[in-house]
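This report refers to the structure that appears directly beneath it.
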Amino acid sequence: MEDQILALTEQLAAVTNAAQVTNTMFAETYYFLSIPLMVIIHAGFLLYEMGQTRVKNVLSSGIKNLLAFAFTIVTFYLFGWWFYWALPTFPYDLASGAGYMGISGIEYANAIALPWGDSAQYMGPNMGDHASGVFWGAFALFAATTASIASGALIERIQTVGFVICAIVLGSFAWVVAAAWGWHADGWLVTEFGFHDFGAAGLVHAVAGFFALGILINLGPRVGKFNADGSANRIVGHNIPLTVTGLMLIIVGFFGFLMACIILPGEGWSWYADGGTTIYGTPMTLSALAFNIVLAASGGIIGAWIVTKDPFWMMSGCLAGIIATASGLDVYFGSHVIIIATVAGMIIKPCANWLEGFGIDDAVGAVTIHGTIGVFGVVVLGIFGSGIPGLGAFAPEGTVAISIWGQFVGAVVMFLLGFVPGYIVSWLVHKAGMLRVPEAVQIKGLDPVKVPAQAYPEAMISSETEA
Amino acid sequence: MGYFTDNFTTLYADGAWIDMGMYIGAGSSAPGWYTLIAAVMMIVILVVGNKDEQDSYDKHK
């Protein structure tokens, strides 16, 4: 009898170990596959931006977008990842010490997120670590997404290196601070205000959108955008089908983005052994995402169609629908999502027109779609989600719940974390003479001046360039 | 510049690989130097890229 018990115990241990190995490999694969899905976001932004560009500037826009991706990834490795782990409690704790969960603060960040010294073992291949690389990769793609969001607004008149400097500040600092404060279980916006932003409407989209606004103010409009009396001309991109297809690809990539926002169970870093959660430790499933993402996308298209009848704005409405509901994709009911997303789709064009009335030339509507709708989504969750617990079962007693006030404070913080760094860094770049392309070059076209290739060598020649 | 082990047997214990960097230079100061060189390369590339860009504009002003 004892021998049988011993044998069964050994078998149970072996099965348990095998199950754990399977779980670990699944979790690693899950986050790993979210990374190429998010790369599709960038393929989408590339097409979107190039399609919205006139023929004479197509390749320059592509180069700018590719470099934003590349430099943001590199700098996120060099220092961006460190900010995420170091700053959740700052400035509530001026020393930036560890929060309640013990996975934050400068000391912790120094131990896991610097590509040198002892922490280097978690910033490269590691025999026993199946988590650091895939989490870093997913976050790096979030970072690159912020840079791509801003990129489209600035096409046809921003210098390449000047833009890259702005993109580095956005992707490896500004949004990272927002994530540390509002997308980390120790973040002060979460613990003190109950801020909830599951799908990053505020901390990715609003931050990137208003960062772009800060740049746009210093950058100025494209040559020919505004008349002497202040009225605006419509500058039409060379390939709307390319733009619309790009927008659809962004939606495909959003599935990867949003699945990476779920914390899987059963690992040392998980909130629970047997259930998925949000980054806040509150319940979450992929099924919830399946319901709400596709409904949000559809609602946004429908809302934009009834107001604009324009495929560009319809696909922008698709994005806006997802962004408007992103903060609460874990708690909204499907029909609720349809309402919010449809309203978001309906308001984007009037909001973009309103912004244009101030002389702001946002070439793709990024400030509105990501900035305004991002803030809208954060605040809307406060209206409908007040009272929902802000953290999961392992949270400290007295944890603050979601509230209108907390979401409003979060929205203001996201606006400031985007706009202020965007304005300051672009002002500095402008003073260094590296922001705005000279007018003569804008008129001639950026591609003929600085790109040793042609987008359409045989089929299409820009009449403006020839002139 | 060498690898940190010539035998993986001792690095597999209790049914799993130990928690340790497995890259060239693990456990030494090499990662820090690689990081420094990479950072300097990025800065130099931006400086040179900006100079090329300004030269392009100057030719067409």
Selection from the range B:9-24 of residues that are in a loop (DSSP other than H, G, I, E, B), at the interface with chain A (Cβ under 7 Å from one of its Cβ atoms) and either surrounded by 12 or more Cβ atoms within 10 Å (Cβ to Cβ) or of a type outside the set (D, E, K, R) (or both):
B:GLY15, B:ILE18, B:MET20, B:MET22, B:TYR23
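For every residue, the table says whether it meets (1) open to solvent by 50 Å² or more (accessible area, probe 1.4 Å); (2) more than 8 Å from chain A (Cβ to nearest Cβ); (3) over 20 Å from A:ILE73 (Cβ atoms).
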site	(1), (2), (3)
B:ALA26	no, no, yes
B:ILE43	yes, yes, no
B:LEU46	no, no, no
B:LYS61	yes, no, yes
Within the range A:434-458, take every residue that is part of a loop (DSSP other than H, G, I, E, B) and within 15 Å of A:VAL55 (Cβ to Cβ) and give me the one that is least open to solvent (accessible area, probe 1.4 Å).
A:GLY445
Quick one: would you say B:ILE37 is over 23 Å from A:GLN121 (Cβ atoms), more than 9 Å from chain A (Cβ to nearest Cβ) and assigned to a helix (DSSP H, G or I)?
no
Have a look at A:GLY230, A:GLY299, A:GLY317 and point out the one that is out of contact with any strand residue (DSSP E or B) (no Cβ under 9 Å at 6 or more places or on another chain), in a helix (DSSP H, G or I) and more than 30 Å from A:ALA140 (Cβ to Cβ).
A:GLY299
Does the range A:348-365 hold any residues that are over 15 Å from A:ILE322 (Cβ atoms) and of a type in the set (A, V, I, L, M, F, W, C), and which are they?
A:CYS351, A:ALA352, A:TRP354, A:LEU355, A:PHE358, A:ILE360, A:ALA363, A:VAL364
Quick check on this structure: which one of A:ASN110, A:ASN65 is free of Cβ contacts under 8 Å to residues at least 40 places away in the same chain, away from chain B (no Cβ under 12 Å), more than 19 Å from A:TRP188 (Cβ to Cβ) and among the polar types (S, T, N, Q)?
A:ASN110
Does at least one position in the range A:44-64 carry a residue that is part of a loop (DSSP other than H, G, I, E, B), of a type outside the set (S, T, N, Q) and more than 25 Å from A:TRP269 (Cβ to Cβ)?
yes
Hey, any hits in the range A:86-99 for a residue that's part of a helix (DSSP H, G or I) and within 14 Å of chain B (Cβ to nearest Cβ)?
no
Residues located in the range A:54-89, provided they are open to solvent by 30 Å² or more (accessible area, probe 1.4 Å) and under 20 Å from A:VAL204 (Cα atoms)
A:LEU66, A:LEU67, A:PHE69, A:ALA70, A:ILE73, A:VAL74, A:TYR77, A:PHE79, A:TRP82, A:PHE83, A:TRP85
Tally the residues that are of a type in the set (A, V, I, L, M, F, W, C), in a helix (DSSP H, G or I) and away from chain B (no Cβ under 14 Å), restricting the search to the range A:143-183.
16
Quick check: is even one residue across the range A:114-123 under 23 Å from B:ALA26 (Cα atoms), at pLDDT 95 or above and away from every other protein chain (no Cβ under 12 Å)?
no
On the basis of being without any contact (Cβ under 8 Å) to a residue 24 or more places away in the chain, over 24 Å from A:ALA120 (Cα atoms) and more than 9 Å from chain A (Cβ to nearest Cβ), does B:ASP6 make the cut?
no
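The values are calculated or read from the model by the stated rules, or taken from the named source; none is laboratory data. Just so we're clear, the structure is a prediction, and the values are computed from it rather than from any experiment. Ideal geometry is used to build each Cβ from the backbone, glycine not excepted, and the neighbour counts take in all protein chains shown. For accessibility, only protein heavy atoms count, side chains too; no ligands or nucleic acids. Shrake-Rupley method; radii C 1.70, N 1.55, O 1.52, S 1.80 Å.
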